[in-house]
1. Can you sort A:37, A:342, A:432 from fewest to most other Cβ atoms within 10 Å of each residue's own Cβ?
2. In percent, what relative contact order does chain B have, based on Cα pairs under 8 Å that are 6 or more apart in sequence?
3. Sort B:187, A:59 so that the residue with the fewest other Cβ atoms within 10 Å of its own Cβ comes first and the one with the most comes last.
4. Within 10 Å of each Cβ in peptide A:27-38, how many partner chain Cβ atoms are there on average? Round it to a whole number, please.
5. Suppose each label sits 7 Å from its Cα in the direction of the beta carbon; what would the residue A:301-residue A:105 distance come out to in nanometres?
6. Based on the Cβ-Cβ distance of residue B:41 and residue B:134, what FRET efficiency does E = 1/(1 + (r/R0)^6) give at R0 = 41 Å, to the nearest 0.05?
7. Taking the 0 to 90 degree range and rounding to the nearest ten, how far is the long axis of helix B:269-285 tilted relative to the main principal axis of chain B, both from C-alpha atoms?
8. Give me the percent of DSSP beta bridges within chain B that run antiparallel, rounded to the nearest 5.
């Protein structure tokens, strides 16, 4: 039941809209099936599956709205949920920021977010992914801990103004950490995709094992400013932090994107001119739903163009206050890369640090987008164009804005994975000068 | 892509979308929050179907959790009630051991047929995984408690308080903040009710009704000319109490150093919002800190987070053993340090306990999510590491026979695992007030309320910010500072603990949303302490010019 086709969803939603007696109505129908496996200490620890489907109905009278939900879909239940939402709307306080639902939208055809292969993942596939880590690890005096999670789901919405939107999507996320049994080395790898046939858990496990073995017996290096080569995962960890480009917060003066003296940084150059970041729901490698949560159509749109802020996100209410067109949040992030490989960037570095990933990044000052965090799972010292030896982890205090002003080289784009969740995006590896490491950590 | 990306809630403002909804929570109407939905006997019948199904398929152990998770969010900004959201999540999670291997499945189809199917799936998953099992599960014994129940001892059920009263209270707080010079204020009332039914193949049938309350706000002052904006969050704590926490009784107000007002077992949100605006204005012109070594005087509304990150997490046995290696990380408190019985975690005055029963705390329940009766135990005794936090399938690894009773799942849809109990620093034994403590500090900083935080994956190196910082010079508070963060190493830091105020100053703080696990789960946990002094800690300046 959890995955309804477009026709099945449309049929249910039409009935819901038909029951409405309010000024207007909007209904959202969503479902999801998911599964996961988790392993540690070279053994499977937990694993599970879950399934859910639900209908949410919002009715409104003027600027008063009420929402009710249900997970039964016979006619009587549908009528009941509509009636409940109408009762609630009549009791609700007026919301001065309430926006009437959108009329019909054009989304440009079927999205690319569904993979039949991913939808067919079985418990046996998940168990094999664990085996692909545990087997090779045990042979090399290494201990594997990892996690694979897959989902298939759909979202549909319809309203009394004639809008209907439907999308279905699949996804699979895999992460693995390999630690040497003597506790002196650790390596990590992560993969994410809509299409499971594009990820290889055995290859990722091999990468993590290699990192664990080569990071053994790290030496301490003095904290300070260093040239860094950031693998794509490390770069993505920091780049994502500058993309909460909310226009309202900026207009209100409480965001990095606010301008001193008033207004926003829209149109201002904030980073190196080689930085280009955009969103595009139709991108082949990182497709997203062609519509945002409120039903607005997503389209290809620049966020940062040649280092300049090209767009901020305006919700419909704020856009109406500012007399501009609303700009919905994108469903993915693509940062243009260059042609340099990690090896090329190392070769060009006299003295620097190779960061494979960061960890526990938290905001310090929202005004300058200053963040703190640490390197983790394999960090190396570079000298005269070569990796010299593994080094102990560092804590950094740095802003992605300062970092992208100190850009030396852009590497190749990769599917973005980060230390705390995988954004739907492509981010390149990069070389940065004067990156601020402020203390040493003994953590391995 | 995460499962929650598929869940799109209707009628949500941007503010509401940022709220920490648990998986599968759906908006519901108000009346439904007070409807019991299903009685205990119906739940028992359904649980028995699961227990019989899994037993017939070869499970050697099964537990069933039929859970109903209710939340209410009342969200306002300045003069506007932005959103009132009631959510409900109802379903069942079934966990089994087959061939020495865990299997888990969950569904929101809470019917006899749905439960049976879910039970069959849990067994199938355990069987699939058992092929790669190298470490068969060993469960510590726990008594069978029969049919028992427990409820958070609340005075006022927040869900029964009219929504209008909550909106009016928040709007009064907002108005006070604006009157005192705030440019913006966002406020929220967040109520939680977990109705948890647990049944196991060992004969326990446990019905628990857990309540939590968290009023919170964020006041912003914007100085357009200098381009600065400053925030001051509420001095409230999330609590394991009912709506009585909002009574703001005079006896629960504490006059702290630097002219600040702090709160104990009840909270005055309107008064605090006014103070917040005044303090946020002062932050704009506060002196930027000179980096260097300072003696830190840490108030309980700040110190709780340092305890949480540097003591709570590294004493979790699953981290020590490597079960969290792929995400949250491991721990520097390795088994050899515990076995030595002389690992100096902190100075001799440092005594830290874990407690799942403390009244008013977020973690308080009578039984954990695998049917073990909850208790209090020592983690750090006179500065020495003496124990960990462990559950049924782990205690055998440290040679203990009894689970500590700290197993938790955020929802019926998630598998339960070891989660942090309330972990608290015990007050000092000698009479000492914060004012007396400050009088003895030559060069220091008094820090109030938690701010920025970050710690490494083995919990050695950390950096913490705060909300209010006061400079202490020769025993006196001189004025407000800004751009302050301190960095230290856990063992070094706790060994620099020189003084702890007495029990009169002991208060609880905490968080609704401690994250751990894959898939990630939230845990609500409190941490108590009195104001404490740490000598010679490294302070950095976080100001930057862009």
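1. On the way: A:37 28, A:342 17, A:432 24.
With the sparsest Cβ surroundings first, the list reads A:342, A:432, A:37.
2. 14 percent
3. B:187, A:59
4. 5
5. 1.0 nm
6. Plugging the Cβ-Cβ distance into 1/(1 + (r/R0)^6) gives 0.45.
7. 50 degrees
8. Of those bridges, close to 90 percent are antiparallel.
Rule-based calculations on the coordinates, nothing more; no lab input. Predicted, not measured: the structure shown is a model, and the values here were computed from it. Heads up, the Cβs are rebuilt from the backbone with ideal geometry, glycines too, and the neighbour counts pull from every protein chain shown.
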